[in-house]
1. Hey, what did the stretch 44-122 get for relative contact order, percent, Cα under 8 Å, at least 6 apart?
2. Just to confirm, what accessible area per residue do you get for the chain at 1.4 Å probe, in whole Å²?
3. For ARG98 paired with ARG27, estimate the spin-label separation in nm (one decimal), with each label point 7 Å from Cα along the Cα-to-Cβ line.
4. For the stretch 17-122, which whole-number percentage of the solvent-accessible area (1.4 Å probe, protein heavy atoms only) is attributable to carbon and sulfur atoms?
5. Tell me, in nm to one decimal, what length is gained between SER69 and LYS41 on full extension, where the rule is 0.36 nm per residue of separation less the Cα-Cα distance?
6. When a/c reaches 1.5 or more, the comparison of a/b and b/c decides; with that in mind, is the chain rounded, prolate or oblate per its Cα gyration tensor?
7. Rounding to the nearest 20 debye, state how big the charge dipole of the chain is about its Cα centre with +1 on each Lys and Arg Cβ and -1 on each Asp and Glu Cβ.
8. What share of the DSSP beta bridges in the chain is antiparallel, in percent to the nearest 5?
Amino acid sequence: QVPLVESGGGLVQAGGSLRLSCAATERTFSRMAWFRQASGKEREFVAAINWSGSNTVYADSVKGRFTISRDNAKNTVYLQMNSLKPADTAVYYCATTRSLSTIYNQHGYDYWGQGTQVTVSS
């Protein structure tokens with residue numbers, strides 16, 4: 001197992017910012033990603049980053065507002081979320097995969113964190 005622990009969620013007003021962290025107690029694998037699941041909806045892809053940090057991918061809904069980054073020395077990935085909207089309200093999960101090709105498909109990720117709640121008020 002590669003336990004992943006998310007932190008940094010909370011309640012924020014629309015237009016505000018939050019930074020989520022995901023710490024792994026062991027090494028992480030080639031790609032790390034953030035997904036989110038709003039109440040009553042399917043889990044959806046948010047952002048992903050490769051091992052070196054040279055390649056990042058974002059969902060259209062967050063592009064230009066969210067930034068994913070990682071610190072491999074600390075086995076940690078971050079999600080900086082700016083200009084938050086009520087539609088961003090969800091439980092945010094981090095995940096990691098050994099696969100070099102998996103990006104958007106949640107079923108391709110091997111390990112998941114427990115999730116952290118982000119609530120954006122209008």
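The values are calculated or read from the model by the stated rules, or taken from the named source; none is laboratory data. Source: prediction; values computed, not measured. When we count neighbours, we look across all protein chains shown, and the Cβ atoms used for this are built from the backbone with ideal geometry, even at glycine. The area values use the complete protein model at the heavy-atom level, side chains included, leaving out ligands, DNA and RNA. Shrake-Rupley method; radii C 1.70, N 1.55, O 1.52, S 1.80 Å.
1. RCO, the stretch 44-122: 25 percent.
2. Per-residue accessible area for the chain comes out at 50 Å².
3. Simple spin-label model gives 1.2 nm for this pair.
4. The C+S portion of the solvent-accessible surface of the stretch 17-122 is 46 percent.
5. In short, 7.5 nm is gained.
6. prolate
7. 160
8. If I count the DSSP bridges inside the chain, around 90 percent turn out antiparallel.
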